[in-house]
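Participant: Okay, handing you the structure first.
Read-outs throughout are calculated quantities, based only on the coordinates presented, and are distinct from any laboratory measurement. Note that this is a predicted model, so its numbers are computed, not measured. Cβ coordinates were reconstructed from backbone atoms using ideal geometry, including for glycine residues, and neighbour counts include every protein chain displayed.
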């Protein structure tokens, strides 16, 4: 095969059924000049070898979505790298084309595609807070129906220029497992240096959100309490990326997500445990943010 136009990086953990369906959908794309890099972190006892055309299957023993994406960046042969989740449905044969076409403009840094839930509903409302200079990306829906320029895209449907992504250090590997805000951390650094992403609703996929495997492999408290590494990620992102004067608003949004959500409020007996982990990971993130980030240029990738 000639050098691919686009390299597709898919981190995965024990989701072979979903992954195979995703690979089948990629086989139906109008663009044929692509490669797939699967960074598989499934335990050895559950590991299955995957054989698909144009696909390279790498088995790693660590558990880190950020590190997996960094490996994909380094291994990619194409100038454009597309990050995908392993549990997605791609219904349009022009999905890859709708990413690639934007890169004809050499000033374009990256493309964030629309991410729909399985109900396939679009959001036609853009909140006023979406224009906030520092936090607008939080209020911008991933399923908005019109094109935008945005600062943050979900890593389940995000393409970037390879060399530019490496130029900002790739993903910060201080984000453990599949931690909350890991892709936001990358996107904010990336767009601050190279300009905002194009949000293209025509580069659309459906995210299944399989409750088992992937980043949902570490649930706690019957799935009611968010996993500690997500709490860490939320606070670490704040300390690392946001100016102090927006911390109150961001902190309130974080408390609402992790503590004041319906499931936890209905199971109040779990409240002390949730508060303990929330506070502990606040302190952990504050301490960790003093250290240098674990960027792609400062690490050696080993199993």
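Participant: Where does the chain land at 222 nm, in deg cm²/dmol rounded to the nearest 500, when only DSSP H runs of n ≥ 4 count, each adding -39500 (n - 2.57), divided by all residues? Don't skip to the answer; put the middle values down first.
Facilitator: Numbers: 10 runs with 101 residues, N = 303.
So the calculated ellipticity at 222 nm is -10000 deg cm²/dmol.
Participant: Expressed as an acute angle from 0 to 90° and rounded to the nearest 10, what is the orientation of the C-alpha long axis of helix 182-194 relative to the principal long axis of the chain?
Facilitator: Approximately 70 degrees, to the nearest ten.
Participant: Quote the relative contact order of the chain in percent (integer), defining contacts as alpha-carbon pairs under 8 Å separated by 6+ residues.
Facilitator: So the answer I get is 20 percent.
Participant: Give the residues of region 72-95 whose amide nitrogen is closer than 13 Å to a point set 7 Å from the Cα of residue 30 in the direction of its Cβ.
Facilitator: Taking a point 7 Å out along Cα→Cβ of residue 30, the residues of region 72-95 whose backbone N falls under 13 Å are 92-95.
Participant: If I fit a long axis through the Cα atoms of helix 65-75 and take the longest principal axis of the Cα atoms of the chain, what angle between them do I get, 0 to 90°, rounded to 10?
Facilitator: Tilt relative to the chain: about 30 degrees.
Participant: Arrange 242, 96, 158 by Cβ neighbour counts within 10 Å, fewest through most, would you?
Facilitator: 242, 96, 158
Participant: Still on this model: Kindly rank 178-187, 148-157 from highest to lowest mean number of other beta carbons found within 10 Å of each residue.
Facilitator: In decreasing order of mean packing, 178-187, 148-157 become 178-187, 148-157.
Participant: If you don't mind, another one. Kirkwood hydrodynamic radius, computed over distinct alpha-carbon pairs, for region 218-288: how many Å, to one decimal? Intermediate results must be reported in sequence, preceding the final value.
Facilitator: Values: mean 1/r = 0.0807 Å⁻¹.
Value: 12.4 Å, from the Cα pair sum.
Participant: Neighbouring Cβ atoms within 10 Å as the yardstick, rank 116, 270, 265, 19 fewest first.
Facilitator: Ordered by Cβ neighbours within 10 Å, fewest first: 265, 270, 116, 19.
Participant: Also: Rounded to the nearest 0.05, what FRET efficiency do residue 97 and residue 249 give with R0 = 30 Å and r taken as the Cβ-Cβ distance? Could you check?
Facilitator: 0.20
Participant: Quick one: Cα centre-to-centre distance for region 89-115 and region 144-179, in angstrom?
Facilitator: 14
Participant: For Cα Rg over 2.2 N^0.38 Å, the listed values are (i) 1.26; (ii) 0.97; (iii) 1.14; which was obtained by calculation from the structure presented?
Facilitator: (ii)
Participant: Here is a further query. Please label the shape of region 67-189 as rounded, prolate or oblate, based on the square roots a ≥ b ≥ c of the eigenvalues of the alpha-carbon gyration tensor (a/c under 1.5 means rounded; beyond that, a/b larger than b/c means prolate, else oblate).
Facilitator: On the way: a/c = 1.41, a/b = 1.22, b/c = 1.16.
Taking the square roots of the gyration eigenvalues as a ≥ b ≥ c, region 67-189 is rounded.
Participant: Further, regarding this structure: Taking neighbour counts of Cβ atoms within 10 Å as a proxy for exposure, in what order, fewest first, do 145, 226 appear?
Facilitator: 145, 226
Participant: Right, here's the next one. In percent, what relative contact order does region 20-127 have, based on Cα pairs under 8 Å that are 6 or more apart in sequence? Walk me through the intermediate numbers first.
Facilitator: Details: 82 pairs, mean separation 33.6, N = 108.
Worked out over region 20-127, it gives 31 percent.
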